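What follows is a short report on a single structure.
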Amino acid sequence: MSDLKTIFSLSGPFARTIPGYQPRSQQIQMAEKVDEAIQKRSLLMIEAGTGVGKTFAYLVPSLLSGKKTIISTGTKTLQDQLFERDAAMVCKTLGIPARIALLKGRSNYLCLYRLDRSLHAFRGSQTQLRKMMQLQKWADQTEDGDLSSVSLLGEKSVLWNKVTSNSENCLGQDCPAWESCFLVKARRRAQKADLVIVNHHLLFADFVLRNDGLGEVLPDADVFVLDEAHQLPETGSQFLGEIITTRQIRELCEDIEDELQSLKLQDTDLANFLHGLISRSDMVRDLEQVPEGTGPAKKLLNDVHAKPLLDELTEGLESLEKRVEQFRDASATMKRFHERCVETLRRLERFTGQEADGYVRWYEKRSRTLLLKMTPLNIGEHFQAFIQKQSSTWILTSATLTVSDSFDFIIQRLGMPAAVETCILGSPFNYRKQSLLYLPDSFPDPRHPGFYATLAEEARRLIEICRGRTFLLFTSFRALNEMESRLEGSVSYPLLVQGRASRSQILRAFRETDHAVLLGTLSFWEGVDVKGDSLSCVIIDKLPFTSPDDPVLEARLDHLKKSGKNPFMLYQVPSAAILLKQGVGRLIRDRKDRGIVMIADNRLSKARYGKVFLDTLPDMKVVHDMEVIRSFF
Ligand code: SF4
């Protein structure tokens, strides 16, 4: 019996410390696979079904190996859980004296320098000023400066930008607060640690810095474990491109003005110029012709109103760069600001210039900023280069990596080398006994105008049978709103609707309210874990195909089509199948859970590609008759 088998056995240390502990053969297999990959420095992709216990299965061999390990996961919440609960527990139970560090992106840490500057040249309301003073007080007490541990700033507060840094405005070693900087301290802890817990955003931010030869955020490591690896292609797309925002331009101008004031370099002409540039950037942002949402760059670049404004903005930045160059030697900060001017101009010129091969240019308009982005069509070659540079062990894991038992889609999207080893470990849950997949007969096509009326009727019946305890998961806000108005007042259980409160508040309310019914869109399809009786039914309206209006998706599909491939079968179906598996996966989270999943989209039964979806889902018994459901409970 290997050490790992002993550790995970009924007589092992976990069984002695975790109440109700049950050994799972899949967990032991996964731990052994991970251990082998660490010893061989190889590349492993491992799909571990819900309930395998993959977190312990990679933590135990990683920690026992004594090798420097970086674990990256999808969200900050999961990161906190790994740090505070799982890694700490494994170390304690196995008596491993490992140093563990948590490292987040820089926007999570209070920036002492920017807080100080913002307070000195404060622009804002009295309430905001009071908050800043409270933050200043908190800065003296906090150990780590992690802003998530203090509830002073709301999610959308405008103060975030004033009290945190980004790679452009951080002064690095020239910063007067360098020695007490929370970010620097967190990075030092990560350098010394045996196990560092990060998230995918930070992982890719590090990758971009290394790639551009601008340093690094993360320490080197022998082992990388990337959990929730199905999210890597999307997170990678966000980071491996370029972005410039009207907010960045405004902040750059404000920072320059503040610095000139603090250096007592009064230059009225430059001050007026900066105000003028801010107005120009605001005019681009506020263009009526550009509605909120996303669109391809050509919509801006061919627009008779937008194009001249973008040209003026480019000219303004050219002029700014020359003006600021004259003050470059006035201080280390001004030198940085000049570099920011050069970089901002370069990005804007790239966005407005010629098409760049392999990239899609697009914009996103939000309420307070306009983002101009260049995103790679395919992140595969970038990601592969990243992996090869590190010459470490790489383990990519998730409950949803395969489509119809094949890793081809994720391998292709991440450009994984041929040497990658793959492994599927099924869930230890008995889906055929614990659940039913209800595909109602004679439902209208999801594009039919009567679809949601029929769905509301069917949902009411199911909610009654399940006595609430239901998730309704939608593919769009429009669908959610329509169903909310149809169900409101016509079901006898409390409705919790996305948008009425924050995601975490809604989830907490669902757990604490007996027989609740939750209505949510895509952010509720994954990362939600409700064990036990509170959740007995999941209703999904449609197959979650990404909207073809998404300019990045549109460009990717177009690219595949031009290469003679079938974008629908090669991209849209597998992406949607993975997401559907996530949504369905909300139901059974424990051996004792029981329940129903209903998918109202009849393309699952009628379309040829429906089989791909069904083959990707857990092995559930398919039923078409509501009466079978009644007798199930
Ligand atoms: S080093 Fe950067 S992040 Fe740290 S306090 Fe200075 S500006 Fe802020």
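Among the candidates 70, 46, the residue that is closer than 14 Å to residue 194 by Cβ and either within 16 Å of the ligand (Cβ to nearest atom) or in contact with a helix residue (DSSP H, G or I) (Cβ under 9 Å, 6 or more places away or on another chain) (or both) is uniquely 70.
Out of all the residues in the range 588-598, is one or more part of a helix (DSSP H, G or I) and outside the structural domain of residue 363 (by TED's automatic domain parsing)?
For the range 588-598, residues part of a helix (DSSP H, G or I) and outside the structural domain of residue 363 (by TED's automatic domain parsing): absent.
Residues of the range 119-137 include at least one that is in contact (Cβ under 8 Å) with a residue 60 or more places away in the chain, part of a helix (DSSP H, G or I) and closer than 23 Å to residue 175 by Cβ.
Of the residues making up the range 211-252, those that are surrounded by fewer than 18 Cβ atoms within 10 Å (Cβ to Cβ) and under 15 Å from residue 385 (Cα atoms) are 211, 212, 213. Output the residue which, of all residues in the range 166-181 that are assigned to a loop (DSSP other than H, G, I, E, B) and of a type in the set (Gly, Ala, Ser), is farthest from the ligand (Cβ to nearest atom). My answer is 167. Exactly one residue out of 131, 156, 68, 137 is under 27 Å from residue 527 (Cβ atoms) and among the basic types (Lys, Arg): that is 156.
Of the numbered criteria (1) modelled with pLDDT of 95 or more; (2) in a loop (DSSP other than H, G, I, E, B); (3) surrounded by fewer than 23 Cβ atoms within 10 Å (Cβ to Cβ), the one residue 44 fails is (2).
Just one of the numbered conditions (1) hydroxyl-bearing (Ser, Thr, Tyr); (2) touching a helix residue (DSSP H, G or I) at 6+ places or on another chain (Cβ under 7 Å); (3) at pLDDT 90 or above is not true of residue 369: (3). Scanning the range 138-158 for residues being within 15 Å of the ligand (Cβ to nearest atom), outside any helix (DSSP H, G or I) and under 28 Å from residue 331 (Cβ atoms) gives a total of 1.
For residue 456, the criteria (1) closer than 27 Å to residue 531 by Cβ; (2) among the aliphatic types (A, V, I, L, M); (3) surrounded by 14 or more Cβ atoms within 10 Å (Cβ to Cβ) hold in every case but one, which is (1).
Any idea which residue in the range 187-202 is nearest to the ligand (Cβ to nearest atom), counting only those that are part of a helix (DSSP H, G or I) and in contact (Cβ under 8 Å) with a residue 12 or more places away in the chain? Taking the candidates together, the pick is 187. Exactly one residue out of 184, 217, 208, 163 is within 16 Å of the ligand (Cβ to nearest atom), within 25 Å of residue 332 (Cα to Cα), of a type outside the set (Gly, Ala, Ser) and within 22 Å of the chain's Cα centre (by Cα): that is 217. Contact annotation: residue pairs with Cβ atoms under 6 Å, 6 or more positions apart or on different chains, pairing a residue in the range 95-111 that is farther than 22 Å from residue 148 by Cα with a partner that is more than 16 Å from the ligand (Cβ to nearest atom) and part of a helix (DSSP H, G or I), are 96/63; 98/63; 98/91.
Evaluated against (1) at pLDDT below 95; (2) hydroxyl-bearing (Ser, Thr, Tyr); (3) surrounded by 15 or more Cβ atoms within 10 Å (Cβ to Cβ), residue 442 falls short on exactly one condition, (3). The residue that is nearest to the chain's Cα centre (by Cα), among those in the range 372-406 that are part of a strand (DSSP E or B) and of a type in the set (Ser, Thr, Tyr), is 398.
Considering only the range 89-117, how many residues are within 16 Å of the ligand (Cβ to nearest atom), outside any helix (DSSP H, G or I) and of a type in the set (D, E, K, R)? Counting residues in the range 89-117 that are within 16 Å of the ligand (Cβ to nearest atom), outside any helix (DSSP H, G or I) and of a type in the set (D, E, K, R) gives 1. For the range 283-304, residues that are loosely packed, with under 14 Cβ neighbours inside 10 Å and touching a helix residue (DSSP H, G or I) at 6+ places or on another chain (Cβ under 7 Å) total 1. For residue 482, the conditions (1) without any contact (Cβ under 8 Å) to a residue 60 or more places away in the chain; (2) in contact with a Ser or Thr (Cβ under 6 Å, 6 or more places away or on another chain); (3) more than 21 Å from residue 596 (Cα to Cα) all hold with the exception of (2).
The values are calculated or read from the model by the stated rules, or taken from the named source; none is laboratory data. These numbers were taken from a predicted model, which means no experiment stands behind them. Quick reminder, even Gly has a Cβ in these numbers, built from the backbone with ideal geometry, and neighbours come from all protein chains shown.
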